[in-house]
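Q: Please see the structure below; I have some questions.
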Amino acid sequence: MKQETVRYRLARRVRSLPAETVSRLLGMPRISRRLNEAYETARASYRPRLPKLPALDMEIVAGLEKNGVHITSLDELRLPGTQALWTSATEIANTYSLRASAGEFAGEYTVRVGADDLMRHPHIVGWPLQDRILDIVETYLGLPSAYGTLNFLYTLADGRQVAARRWHRDLEDRRMVKVVVYLHEVDMDAGPLEILHCSFPGSDALDGSNFPILTQEMLEQRLGTTLNSGDVTTCTGKAGTVIFTDVARRYHRGRPAIARDRCALFYNFFSRAPLRPFFCERHVFSPGQIRELAADQSARARDCMLWRSNVPLLARLVPSARL
């Protein structure tokens, strides 16, 4: 098993080299400046076409703008299809809990629910593609949205600061919206999502092809102090908590779980012309499965799911750095 893991990580590293090289180029000051100017021009041009939101949904957008996060719940949102989502998702979560208890995931820190399991429950994948959520996302992004599908994650409570449990920024696009649904109650010891509200030296600069990825100790060393309560939003909540957060503009992490495993849905959105499209397909689905899932959706939702077909040819030539 250990040898297989090493080979997998090495192969993934090799596959990611073209994307990482292009990411470095995009971070060069002259190129970055021109791309950002074109991006701001596109947002300004699209502003008159943004949807008009009701008060509750404007609160979500305001929270994203001010703090990079807004916490609500399935009960408060009252979205169609929620009961079907909850029934299927918690059934899968309970199955993975039993598998974890049996030791099947020994040595792992996070397990992704596979494509075969999710293809049997397409309503889980399609749940956020209703107009209300797309309107919220589009209003915050300021541009037509793309849907990067989801990661359905089972996180084991081993306390390790690894991967997404370290402080990091996603770099697929300049703005992103991740919609997180907790399937278990999540307190401080069960791996809550945490959003950082302060900057530090290097927090806005690429370190090679990525932003610096830091443990808690490394972050506090850069800050020169320990974090206080006002520096971080720790997204605790009961089962059914929903979190809207911008994972591109804000440093964030999954706080290492130490007491209980956690299961949650992570739905991913970015603009339809993302800055780094080659980092946008980090999910479990094949292109054919994406087309199959999109077939039964509304025209607007299909456009969100099949966003890659409209990416400029030059960007599509860069191989996707899939997980």
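The values are calculated or read from the model by the stated rules, or taken from the named source; none is laboratory data. Here the structure is a predicted model, which is why all the values come from computation and not from measurement. Here the Cβ is made from the backbone with ideal geometry for all residues, glycine too, and neighbour counts use every protein chain on show.
Q: Confirm whether LEU193 is under 13 Å from the mean Cα position of the chain (by Cα), of a type in the set (A, V, I, L, M, F, W, C) and under 20 Å from ILE124 (Cα atoms).
A: Numbers: under 13 Å from the mean Cα position of the chain (by Cα): yes; of a type in the set (A, V, I, L, M, F, W, C): yes; under 20 Å from ILE124 (Cα atoms): no.
It is false that LEU193 is under 13 Å from the mean Cα position of the chain (by Cα), of a type in the set (A, V, I, L, M, F, W, C) and under 20 Å from ILE124 (Cα atoms).
Q: Within the range 89-107, can one find any residue that is out of contact with any strand residue (DSSP E or B) (no Cβ under 7 Å at 6 or more places or on another chain), of a type in the set (S, T, N, Q) and under 24 Å from THR245 (Cβ atoms)?
A: yes
Q: Based on what the data block shows, is PHE270 within 20 Å of the chain's Cα centre (by Cα) and buried (at least 22 other Cβ atoms within 10 Å of the Cβ)?
A: Answer is yes for this residue.
Q: What number of residues within the range 281-315 are of a type in the set (Val, Ile, Thr) and closer than 20 Å to GLN130 by Cβ?
A: 1
Q: If we only count helices (runs of 4 or more DSSP H) wholly inside the range 16-102, which ones have 1 or more residues that are exposed (fewer than 15 other Cβ atoms within 10 Å of the Cβ), in contact with a His (Cβ under 9 Å, 6 or more places away or on another chain) and of a type in the set (A, V, I, L, M)?
A: Those helices (runs of 4 or more DSSP H) span 55-67, 82-101.
Q: Those residues that are in contact with a strand residue (DSSP E or B) (Cβ under 7 Å, 6 or more places away or on another chain) and not hydrophobic (A, V, I, L, M, F, W, C), I need them from the range 122-143; list them, please.
A: PRO128, GLU138, TYR140
Q: Taking the range 291-323 as the search range and keeping residues that are assigned to a loop (DSSP other than H, G, I, E, B) and among the charged types (D, E, K, R), which one is farthest from LEU118 (Cα to Cα)?
A: Checked the range 291-323; the qualifying residue farthest from LEU118 (Cα to Cα) is ARG322.
Q: Another question, then. Being more than 23 Å from GLN221 (Cα to Cα), in contact with a His (Cβ under 8 Å, 6 or more places away or on another chain) and not polar (S, T, N, Q) is the filter here, so list the residues in the range 149-172 that pass it.
A: The answer is LEU150, and nothing else.
Q: OK, next. Condition check: at pLDDT 95 or above, of a type outside the set (Val, Ile, Thr), under 23 Å from GLU194 (Cα atoms) and buried (at least 20 other Cβ atoms within 10 Å of the Cβ). Does CYS280 satisfy that? Break it down stepwise before answering.
A: Numbers: at pLDDT 95 or above: no; of a type outside the set (Val, Ile, Thr): yes; under 23 Å from GLU194 (Cα atoms): yes; buried (at least 20 other Cβ atoms within 10 Å of the Cβ): yes.
The answer is no for CYS280.
Q: Give just the number: which of (1) over 15 Å from the mean Cα position of the chain (by Cα); (2) over 19 Å from ASP296 (Cα atoms); (3) not small (Gly, Ala, Ser) does MET119 not satisfy?
A: Failing condition for MET119: (2).
Q: While we're here: Where in the range 205-256 are there strands (runs of 3 or more DSSP E), lying wholly inside it, with at least 2 residues that are farther than 28 Å from TRP86 by Cβ? First the steps, then the outcome.
A: Values: elements: 232-235, 241-245, 252-254.
Of the strands (runs of 3 or more DSSP E) lying wholly inside the range 205-256, none has at least 2 residues that are farther than 28 Å from TRP86 by Cβ.
Q: Would you please list the contacts, defined by Cβ atoms under 8 Å and residues six or more apart or on different chains, that run from a residue in the range 189-205 that is surrounded by fewer than 18 Cβ atoms within 10 Å (Cβ to Cβ) to a residue that is among the hydroxyl-bearing types (Ser, Thr, Tyr)?
A: Hits for this filter: HIS197/THR233.
Q: Applying the selection to the range 124-148, what residues are within 23 Å of ARG291 (Cβ to Cβ) and either modelled with pLDDT under 95 or touching a Lys or Arg at 6+ places or on another chain (Cβ under 6 Å) (or both)?
A: Within the range 124-148, PRO144, ALA146 qualify.
Q: Out of LEU134, LEU171, LEU143, report the one residue that is under 20 Å from the mean Cα position of the chain (by Cα), surrounded by fewer than 22 Cβ atoms within 10 Å (Cβ to Cβ), assigned to a loop (DSSP other than H, G, I, E, B) and not acidic (Asp, Glu).
A: Of LEU134, LEU171, LEU143, the one residue that is under 20 Å from the mean Cα position of the chain (by Cα), surrounded by fewer than 22 Cβ atoms within 10 Å (Cβ to Cβ), assigned to a loop (DSSP other than H, G, I, E, B) and not acidic (Asp, Glu) is LEU171.
Q: For the range 206-219, what are the residues that are surrounded by 20 or more Cβ atoms within 10 Å (Cβ to Cβ) and in contact with a strand residue (DSSP E or B) (Cβ under 9 Å, 6 or more places away or on another chain)?
A: PHE211, PRO212, LEU214, LEU219
Q: Based on this model, can you work out whether ARG222 counts as surrounded by fewer than 19 Cβ atoms within 10 Å (Cβ to Cβ) and under 18 Å from ILE71 (Cβ atoms)?
A: Judged against the criteria, ARG222 is not a match.
Q: Being surrounded by 19 or more Cβ atoms within 10 Å (Cβ to Cβ) and touching a Pro at 6+ places or on another chain (Cβ under 7 Å) is the requirement here; does ARG160 meet it?
A: no
Q: While we're looking at this one, here's another question. So SER229 clears everything in (1) over 30 Å from SER101 (Cβ atoms); (2) buried (at least 16 other Cβ atoms within 10 Å of the Cβ); (3) not aromatic (Phe, Trp, Tyr) except one condition, right? Which one?
A: (2)
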